[in-house]
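Have a look at the structure below, then the notes.
What follows draws every value from the coordinates through simple rules; no lab data is involved. Please read all numbers here as calculations on a predicted model, not as lab measurements. Cβ placement follows ideal geometry from the backbone for every residue including glycine, while neighbour counts extend to all protein chains displayed.
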Amino acid sequence: MVAMLPRVLTRIAAVTAFAWATGLTAGAAFADTAGPANVSPVDNSGIGIRSTPIAPTQPSGQAAQAGQQPGAPNTATRVPPPVNATPGQVVASGKVPDESTRAAVLQRLRDTYGAANVVDQIEVGNVDTPPNWAANVQKLIGPQLKQISKGQLKIDGTQIDVKGEVGNEAQRQQIASDMANALNPTYTIKNGLRVSASEQGVLDSTLANRTIEFETGSAMLTPQGRSILDQMAAALARLSGKTVEIIGHTDNSGNRASNITLSQARADAVKGYLVTKGIAPQSMTTMGVGPDQPIASNDTSDGRARNRRIEFRVGK
């Protein structure tokens, strides 16, 4: 027999926010289709998210430190009563090996969401954990989770499963990358996030992960780029009373200042083209951020291509 293992489940009832983070760094886990950590395909069909508990699965021989011998019965020393979450609350549940781990996890949640919004359902019992499990759990709890609504974070040993709804495709990819970047290569990230069926979702599904192309090193749209914008103009025309921010991005090749200038010029060119298609200029704003908000590693040609993009973000 093996020792029982800890379980921690975090349900995010209703939270909204936005944040950006830097790209992946060397030596980190990777949240893409290759390497020690992988992201699964996402289903944007509108199917609801199901709740599933969170639990590490690889014993590490730390049961003795938790007060349990391998094969001993699992006896919880702290079992809170059940409770239902209300909108805006975060419920943390499952089992951890000691009171200090429980306190650390709860403190991270309270720092992120506010003390009044965290419901403690964590049990303390005789369970085993992988090495540095408590520290890695805390790394996964941070401001990036506030971008997720109807969310759930499942930690099962070195397997991380995140589910819920986000506002756009860039957020969906970035959150998984942030999590992978915080961990070592033994961890795997399963990205179960999906883009919500909102105005933002309409624009993201219209863009459909395609790149709006420009002539090399310039802000002149290619025929392919104009074709995509023709479709975006039709989608924008369906938005009622909303403003849209057009954001230009580049990879990190070359001079940063020049890249920011180029990304601004491309965002302006996109706005100008959409105006010719009947979209009111006052309904659109532009911004160029150059290489500062990557969604993939700039260490590969594929990653750099993904980072060279135009983003459409729905405002008020």
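With the cut-off at 1.5 for a/c, could you classify region 88-144 from its C-alpha gyration tensor as rounded, prolate or oblate?
Since a/c reaches 1.5 but b/c is at least a/b, the shape of region 88-144 is classed as oblate.
Between T285 and S253, what is 0.36 nm times their sequence separation minus the Cα-Cα distance? Round to one decimal in nm.
Gain on stretching T285 to S253: 8.9 nm.
Name the residue from T285, T211, G241 whose Cα lies farthest towards the positive end of the charge dipole of region 199-314, charges +1 on Cβ of Lys and Arg and -1 on Cβ of Asp and Glu.
The residue sitting farthest along the positive end of the dipole is G241.
Could you calculate the FRET efficiency of Q107 with N209 from 1/(1 + (r/R0)^6), where r is the beta carbon distance between them and R0 is 30 Å, rounded to 0.05?
Rounded to the nearest 0.05, the efficiency is 0.20.
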